[in-house]
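Trainee: A single structure is presented below for examination.
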Amino acid sequence: MRKLFVHQPLFRLLSPLFSGFIVYLLLLLLNNNVGQIQEEFFNSELYFCIGLCYLIQEFSRLLLLLFKHFFSNSLSAITIIVQIVVSLFLCVLLSTIAINLFFEFVLGFSVTIDEIYVFDSILCVITFFYILLYISHQYLYTINTDKLNQELLIKKNIEEDFRQFKRGINPNLLFESLEFLLVLIKTDKEQSDDFIDNLATIYRYILSKKNEQLIEFFEELEGVHNLVALLNYLPNTEIKIQNKCKSHFLVVPGSLLLLIEQIARTSIASRKIPIAINITEETKFLIVSYLINDKINDKLSYKDLKDIIRTYKIYSKEKITILEDTQIRQIKIPRLEIQSEL
């Protein structure tokens, strides 16, 4: 919790008691009147000192809250100086008024300038340390917050690197490909060589683009064709891609590959009934559509595309949407362009 202990009820209740005793003892020492302690310690002067400390500390606390509201926890030298000077001035003014009222209406005589000076000096010291305590807390809080934010940023970068690593390696596709390769080596060595070439090509593309933020659509499309060629080797998978996009725009590298793979994993396909995927475009969107033929226990959803959705939020205000009717499902992906600032 960020709440400073000076705002805690127990501190607000007990601290002025201790401060009041200290102020009273200091006044007796400065006035060479220590003998009064033995005669009558608990008197109206002691109660007044305690009450005055309550008043000054609560007023100082109120000023701290006001400065916090108007200056937004600024720790600049000017702000600190202004805060200290204004707080001390107002506390001196308040204590002077309270002292005059106490002497006139309770003790029955006027207070001298020296007595006011002694009272105000002691209370100024209390107020100064009260403000200093708050400023030091704010300073430590700012430093610790910066360090915490740096740690969170490092953690976020590590998690992002790990997600990119998992997305780049794609263990499911790799294991399926290796399992199929083991079978293919025993049945058709020539075809296994082509399969290895396709597998190497697609992973070379994935790993080479993982450090790039955006790439050309047609460059990603080439990777899509390599992925489709690899998937078509696998049993119970047959995909046909038809691209109707002619314009140039940017995409997040690997986004279309992940989308095509998710479509293949959630759709029923065979050599006789391939998955026909059409790629078209609108003014602001790239559209990937296909005939709905979902597996019984699996269906393409936003959860399958969470990595793409999270990444595209960084680059575009437009959202990735999945639209479908009784036959066709469409995935609309924002077209990305680099806008130059004049």
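No value in this document is a laboratory result; all are computed from the given coordinates. The structure presented is a predicted model; accordingly, all values stated were derived computationally and were not measured. Because the Cβ atoms are built from the backbone with ideal geometry, glycine has one as well, and the counts that use them run over all protein chains shown.
Trainee: Say R0 is 56 Å: what FRET efficiency, to the nearest 0.05, do R12 and K306 get from their beta-carbon distance?
Mentor: Working: r = 49 Å, r/R0 = 0.87.
With a Förster radius of 56 Å, E is 0.70.
Trainee: Diagonalise the Cα gyration tensor of the stretch 206-334 and give the resulting equivalent ellipsoid semi-axes, square root of 5 times each eigenvalue, largest first, whole Å.
Mentor: Value: 23, 17, 14 Å, ordered largest first.
Trainee: Show the residues, 5+ positions off or on another chain, whose built amide H is closer than 5 Å to the amide H of T321.
Mentor: Sorted by chain and number, the residues that satisfy this are K332.
Trainee: Let me ask you something else. How much length would be gained if the chain were fully extended between L65 and N172, taking 0.36 nm per residue of separation minus their Cα-Cα distance, in nm to one decimal?
Mentor: Numbers: separation 107, 0.36 × 107 = 38.52 nm, distance 5.67 nm.
That works out to 32.8 nm of additional length.
Trainee: Moving to a separate point now. How large is the helix-only mean residue ellipticity at 222 nm for the chain, computed as the sum of -39500 (n - 2.57) over DSSP H runs with n ≥ 4, divided by its residue count, in deg cm²/dmol to the nearest 500?
Mentor: About -21500 deg cm²/dmol.
Trainee: How far apart, in nm, are the 7 Å Cα→Cβ label points at V183 and I154?
Mentor: Placing both labels 7 Å along Cα→Cβ, they lie 4.8 nm apart.
Trainee: Once phi is turned into ³J(HN,Hα) by the Karplus curve 6.51 cos²θ - 1.76 cosθ + 1.60 with θ = phi - 60°, what whole-Hz value does each residue of the stretch 229-240 show in order, with x for glycine and proline?
Mentor: 4, 5, 5, 5, 6, 6, x, 6, 9, 8, 10, 10
Trainee: Let me have the relative contact order for the chain, percent, based on Cα pairs under 8 Å that are six or more residues apart.
Mentor: Relative contact order, the chain: 10 percent.
Trainee: Note the listed values [x] 31.0, 123; [y] 19.3, 57; [z] 37.5, 115, then indicate which one is Rg and Dmax of the Cα atoms in Å calculated from this particular structure.
Mentor: Answer label, from the structure shown: [z].
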